[in-house]
Structure formats: C-alpha cells, structure tokens
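Q: Just passing along the structure, written as structure tokens.
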Amino acid sequence: MEQNKSSITSLISAFARAYHSQYDTPKIFDDFIAKDLISEEEFSKISENMIQGISFINQDIGRKFQNQPDEILKWITQVQLSPTPLARAAFCEQVLLHEVVLGVKQYVILGAGLDTFCFRYPELENNLKIFEIDHPATQEFKKKRLADTHFQIPSHLHFIPMDFSNKWSDLSLLDDEFDGDKKTFFSLLGVSYYITKEEISSLFNHLFTNVPPGSSIVLDYADEKLFKEKGMYNRVENMLKMASAGGEPLQSCFSYDELENMLEKAGLLIYEHLSPTKINERFFNNRSDYLKAFETIHYIHAVKK
C-alpha cells in the first residue's frame, strides 16, 4: 500500500460482498451492510471499470455479451471477484460464532478493511470485544464512511492502526481494552498473500505469545501453485495482474506443510483445513450461476495448544 492511501483491495472486496448481497441467489455470505460503506459513485465506477476491462480479463466473454453490460458485470464479479471474499468470510464467521459459544471473549480482525461483523451482530456487544487492525489510511477511510452513513461506533469496537510490514509488538500493549488472559479469536483474511513469509511467521509468534490455550485463528492462503496455475478462464493469472496493477502485488504462497510448520512453531495445531475442492463442496455446491471456489486458495482454522 502507498502511504496515506486507503487499500484498493479492501474496497473491491466490499464491492464484491455488496454485489452478492443485492443480486445473487442463493447467498453464500450475506453482507447486507457492505453497500452502505460504498458510495453510489464508487459502486458505479467500479462496475464501469470492470465492464470496460472485460477485454483485459476475457475477450471471448466480452464478445459473447457485447451488448449486455449487466451480464458482463455479473460474469466478472462471480468468476473473478466474489468467490474468495464470500467463502472465506462465511467460513470464518461459522467458526467464530461456534468459538463464542465455547468461551471466546475477544475477536481480533487483522486486515479488517471494510469489515461489517460488528454491525451485523449487535447482540454480541456485551459478550465480545472486537479489535480491528489495519493500515491507518484504510481505517481513517472506514471511520469517515461510517460517519457519513450515520453508523455509531459501538463501545466494544476498537480500531488499532498498524502497518503489517512493520515489526510487531506484543498485542496486549496495543490497546488498554485487550486482555491477554481471555480466550481470543483472530482472523487473517486476504492478508497472507501480500506480506512476506518472514513477516507472517513473526506475526503468528507475536499474536499467540500471550493469549491462553484454545485461542485460535482462521486464515486464507495461496498454495504453491499460485504463480503457475492459470485457473478457470485464466482467473488466477488475472488476479495476479489485477493486484499488481492496483499497486498491491501478491508476494507469498505456501505449501500445506510449510504453513503447518510455521503454525506449530507458534504453538498452534491445524484443527480444520479446506482445500479448493472442499471449499467448493461446502459453499458453492449445486449453483446455477458462475460462482465456484477459486483455484489455489485454501482456508485454515488453527488452535493454540
């Protein structure tokens, strides 16, 4: 990310969630608040850019739907933009809500972007402290958007500005409200691709040094085929090109064993792993549209021993 510039990736992810909530059926993950955090002008501009960029993404589809801009937008959104943000959010929140039942008292969202969990589950205000960690510019953009749309920031939501590429400090020192003695759930979604392996290893170690056993994390990651696999309609290759064009190039991919070793060194065991095939079976089965699990992308739930 450029200094003092909000993340383009976070805006595109929110656009994908908003589009899905308004236009797709059945819902994989219904973020019915995402549309409120994107202005009508932003939604239109992103839509127009996607439609106009169809020749860059897939010339055959551009010709097939030459006079059907809505169908082009549906194709790009469902094939290229939506699958990963939707399914990883659905998986993460399924795990989180189960963990709350098991006693989790704190939720730390790493790379929160325009996350809306806090506002979709107001009933958890007295049971779950939420800490959103992201780049300062992204957080300022979100706070302004919340103010513009008259969302009140609840007392259990805390913003912690941080640049992930900088050296991590003990999380318990970042906010007076964070309690290192309480069982904590972390999400790291859409982040592991953009930081180095050394940075993510350091991140795991720092996050779990001073939280109790049973604390856990859900993350998504790209496997070792990321820079070789073209994917359906060349969408993996397109993802790499789009990320670079947006100024946020993808840096890291992992084998399962490599990530398992990193987590184990931080005192974590993998409780659940979803491969692209398993993600497709759980979240995309029996659909009649273009939505299908993204190649090379996996999800993991790991728990501190």
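Q: Can you name every residue in the range 66-98 that is of a type in the set (A, V, I, L, M, F, W, C), within 28 Å of L128 (Cα to Cα) and touching a residue at least 60 places away in the same chain (Cβ under 8 Å)?
A: Once the filter is applied, which keeps residues that are of a type in the set (A, V, I, L, M, F, W, C), within 28 Å of L128 (Cα to Cα) and touching a residue at least 60 places away in the same chain (Cβ under 8 Å), the range 66-98 yields L86, A87, A89, A90, F91, C92, V95, L96.
Q: Inside the range 62-75, can you point out the residues that are touching a Ser or Thr at 6+ places or on another chain (Cβ under 9 Å) and open to solvent by less than 20 Å² (accessible area, probe 1.4 Å)?
A: Once the filter is applied, which keeps residues that are touching a Ser or Thr at 6+ places or on another chain (Cβ under 9 Å) and open to solvent by less than 20 Å² (accessible area, probe 1.4 Å), the range 62-75 yields G62, L73.
Q: I'd like the full set of residues that are closer than 24 Å to L189 by Cβ, open to solvent by less than 20 Å² (accessible area, probe 1.4 Å) and either free of Cβ contacts under 8 Å to residues at least 24 places away in the same chain or not in a helix (DSSP H, G or I) (or both), limited to the range 34-61.
A: I38 - this is the single residue of the range 34-61 that is closer than 24 Å to L189 by Cβ, open to solvent by less than 20 Å² (accessible area, probe 1.4 Å) and either free of Cβ contacts under 8 Å to residues at least 24 places away in the same chain or not in a helix (DSSP H, G or I) (or both).
Q: Also: Among the helices (runs of 4 or more DSSP H) contained in the range 170-285, which hold 3 or more residues that are within 15 Å of V303 (Cα to Cα)?
A: 197-208, 256-265
Q: Further question: Looking at (1) crowded, with 20+ Cβ neighbours inside 10 Å; (2) part of a loop (DSSP other than H, G, I, E, B), find the lone condition where P26 falls short.
A: With (1) crowded, with 20+ Cβ neighbours inside 10 Å; (2) part of a loop (DSSP other than H, G, I, E, B) applied to P26, the lone miss is (1).
Q: May I pose another question? Just to verify a result, which residue in the range 114-158, among those that are more than 21 Å from S10 (Cα to Cα) and touching a Lys or Arg at 6+ places or on another chain (Cβ under 7 Å), is most open to solvent (accessible area, probe 1.4 Å)?
A: Of everything passing the filter in the range 114-158, K129 is most open to solvent (accessible area, probe 1.4 Å).
Residue-wise test of (1) at pLDDT below 95; (2) of a type outside the set (D, E, K, R); (3) under 16 Å from the mean Cα position of the chain (by Cα).
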| residue | (1), (2), (3) |
| --- | --- |
| G111 | yes, yes, yes |
| F119 | no, yes, no |
| P122 | no, yes, no |
| L128 | no, yes, no |
| A137 | yes, yes, no |
| F141 | yes, yes, no |
| F151 | no, yes, no |
| P154 | no, yes, no |
| L157 | no, yes, no |
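Q: From the list K230, K182, K225, K241, which one is open to solvent by 70 Å² or more (accessible area, probe 1.4 Å) and either farther than 24 Å from L81 by Cα or within 17 Å of the chain's Cα centre (by Cα) (or both)?
A: Exactly one of K230, K182, K225, K241 is open to solvent by 70 Å² or more (accessible area, probe 1.4 Å) and either farther than 24 Å from L81 by Cα or within 17 Å of the chain's Cα centre (by Cα) (or both), namely K182.
Q: Taking the condition hydroxyl-bearing (S, T, Y), surrounded by fewer than 18 Cβ atoms within 10 Å (Cβ to Cβ) and modelled with pLDDT of 95 or more, does S252 pass?
A: Yes.
The values are calculated or read from the model by the stated rules, or taken from the named source; none is laboratory data. Everything quoted here is computed from the prediction, not taken from an experiment. With ideal geometry, Cβ positions are generated from the backbone for all residues, glycine too; neighbour counts draw on all protein chains shown. Heads up: the accessible areas ignore ligands, DNA and RNA and are worked out on the full protein's heavy atoms, side chains in. Shrake-Rupley method; radii C 1.70, N 1.55, O 1.52, S 1.80 Å.
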